[in-house]
1. Residues that are modelled with pLDDT of 95 or more and in contact with a strand residue (DSSP E or B) (Cβ under 9 Å, 6 or more places away or on another chain): find the helices (runs of 4 or more DSSP H) completely inside segment 75-159 holding 3 or more of those.
2. Can you say whether residue 54 is buried (at least 24 other Cβ atoms within 10 Å of the Cβ) and basic (Lys, Arg), as far as the supplied structure shows?
3. Between residues in segment 33-45 that are within 16 Å of residue 198 (Cα to Cα) and residues that are in a loop (DSSP other than H, G, I, E, B) and open to solvent by 40 Å² or more (accessible area, probe 1.4 Å), which pairs lie under 6 Å by C-beta distance while being six or more apart or on different chains?
4. Can you tell me which of (1) touching a Leu at 6+ places or on another chain (Cβ under 8 Å); (2) part of a helix (DSSP H, G or I) is the one residue 322 doesn't meet?
5. Considering each residue of segment 199-217, count those that are under 14 Å from residue 113 (Cβ atoms), under 18 Å from the mean Cα position of the chain (by Cα) and not in a loop (DSSP other than H, G, I, E, B), and give that number.
6. When the residues of segment 193-202 are narrowed to those that are in contact (Cβ under 8 Å) with a residue 40 or more places away in the chain and not β-branched (Val, Ile, Thr), which ends up farthest from residue 168 (Cα to Cα)?
7. Among the residues of segment 397-411, what is the count of those that are assigned to a loop (DSSP other than H, G, I, E, B) and open to solvent by less than 30 Å² (accessible area, probe 1.4 Å)?
8. Under 8 Å between Cβ atoms, at least 6 apart or on separate chains: pull out the pairs that start in segment 387-407 with a residue that is without any contact (Cβ under 8 Å) to a residue 24 or more places away in the chain and end on any residue that is assigned to a loop (DSSP other than H, G, I, E, B) and of a type outside the set (Phe, Trp, Tyr).
Amino acid sequence: MNDFAFPSNFLWGTATSAHQVEGNNINSDNWILEHLPGTIYAEPSGDACDHYHRYPSDVALLAEIGFNAYRFSIEWARIEPEEGEFSYASLEHYRRMLAACHEHRITPMVTFHHFTSPRWLLRLGGWLDKRTPERFARYCERATQHLGDLISLACTINEVNIASLLSRLLPSDVHNQVWWKTAALAFGVSTDRLGTFLFATEPRAREIIMAAHRRAFEAIHAGPVNIPVGLTIALQDIQQAEGGESIAAGYRREVADWYLEQVREDDFVGVQNYGRIIFGPHGRIQPGENVEKNQMGDEFYPEGLEGAIRHAAQVTGVPIYVTENGLASTHDEQRLVYVQRALRGVAHCLESGIDVRGYFYWSAFDNFEWSNGYLPQFGLIAVDRTTQQRTVKPSAYWLGTLARANKLQIE
Ligand code: BGC
């Protein structure tokens, strides 16, 4: 074992998204989806972690633990609650939040879209409508004009490939379920025009999403200051057992490389990894019963991060931030081991010359985990949802101490 020193300007952070922590994001499409009769959401997001009001003490706490960066998202549905109506108050809210980061020497990485969209966008066809890139760029431009001088790094869209991925991983076709018809009615569109970001699986959606990214890239670069801009991608470590080569290659092409090949001119790419997927001659090989699992029953495989980083670096050639990596677990010791092993992978990548610039653990808090509600616990900080009291877990202190030392023991 010896000490590996991370680059001196390496960013150590945690990540959240607005809808999952702020609470009462009532103008978003997700809020509607969570409240539909027959919804697939286990429970509504409600007050979430009330981060909207508690960010001053939350940001201070992250700094106190030892982090020097924070990735969070700004909410389109708050900034532009009706088409073309921009909320100065909401923009000022995010300005104060960014100022709080700087006050605590926390580098803010801002995501402009993290799964949720304004409900009005859904009425217009959402991520299936060809004018959405233009609408998204207008919001990005407005937000950048107001906030840009305080933003250090910008992610346009979180997990551009999530719908492609989910459509291959979900057991049944969500589009044929009753709740999908109810949702279409709620937004006043036909089922084939229901363009929620997470479930926009039609082939044209990915073209629209990537066009939106490109337009947003330009809009954010237009000023007032020069901010490095990228997108983030859900990148499993895609592996093959004997005979699974061609299925793995096809999957890799569709869910990863189609996107990665389009970001070679970006300032960076955000890699988000939660494990691996293995293909055999007959398709996906599920992890065996005796394999260690996370809280959700997925394989515990921290080494997936290294594979994902190496692949992203090889295809894109641009600098990399690990914008998400983490474990849903009720056992905090398991999380600690996960992060330790994942970070060894990051160190190995750096040793082999890959330009990795930061690591953001998902997530700062136990928060609203989409359709699974509040059950999965990814957080470094536990939240009592009645009192909103925060309890810092040992893994947070461990990671914060490592962040301060900027060193890790590796083999
Ligand atoms: C998303 C997060 C989510 C996390 C854990 C990522 O796909 O960006 O919003 O909570 O994974 O499932």
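The values are calculated or read from the model by the stated rules, or taken from the named source; none is laboratory data. Being a predicted model, the structure only gives us computed values, none of them experimental. So basically every Cβ, Gly included, is an ideal-geometry build from the backbone, and we count neighbours across all protein chains shown. Ligands, DNA and RNA are excluded from the accessible area calculation, which covers all protein heavy atoms including side chains. Shrake-Rupley method; radii C 1.70, N 1.55, O 1.52, S 1.80 Å.
1. On the way: elements: 76-79, 88-103, 119-123, 132-147.
Fully inside segment 75-159 and qualifying: 76-79, 88-103, 132-147.
2. Values: buried (at least 24 other Cβ atoms within 10 Å of the Cβ): no; basic (Lys, Arg): yes.
Here the answer is no, as residue 54 does not meet what is asked.
3. 34/44
4. All conditions pass for residue 322, except number (2).
5. Step one: list which residues in segment 199-217 are under 14 Å from residue 113 (Cβ atoms), which gives 200, 205, 208-217.
In the following step, the residues that additionally are under 18 Å from the mean Cα position of the chain (by Cα) were identified as 200, 209-210, 212-213, 216-217.
Still in the running and not in a loop (DSSP other than H, G, I, E, B): 209-210, 212-213, 216-217.
The total comes to 6.
6. Going through segment 193-202, the residues in contact (Cβ under 8 Å) with a residue 40 or more places away in the chain turn out to be 193-198, 200, 202.
With the extra rule that they be not β-branched (Val, Ile, Thr), the set shrinks to 193-195, 197-198, 200, 202.
Working: 193: 20, 194: 19, 195: 18, 197: 15, 198: 13, 200: 12, 202: 12 Å.
Once the filter is applied, the top-ranked residue is 193.
7. Residues flagged as assigned to a loop (DSSP other than H, G, I, E, B) and open to solvent by less than 30 Å² (accessible area, probe 1.4 Å) within segment 397-411 amount to 1.
8. Partner pairs satisfying both residue conditions: 391/384.
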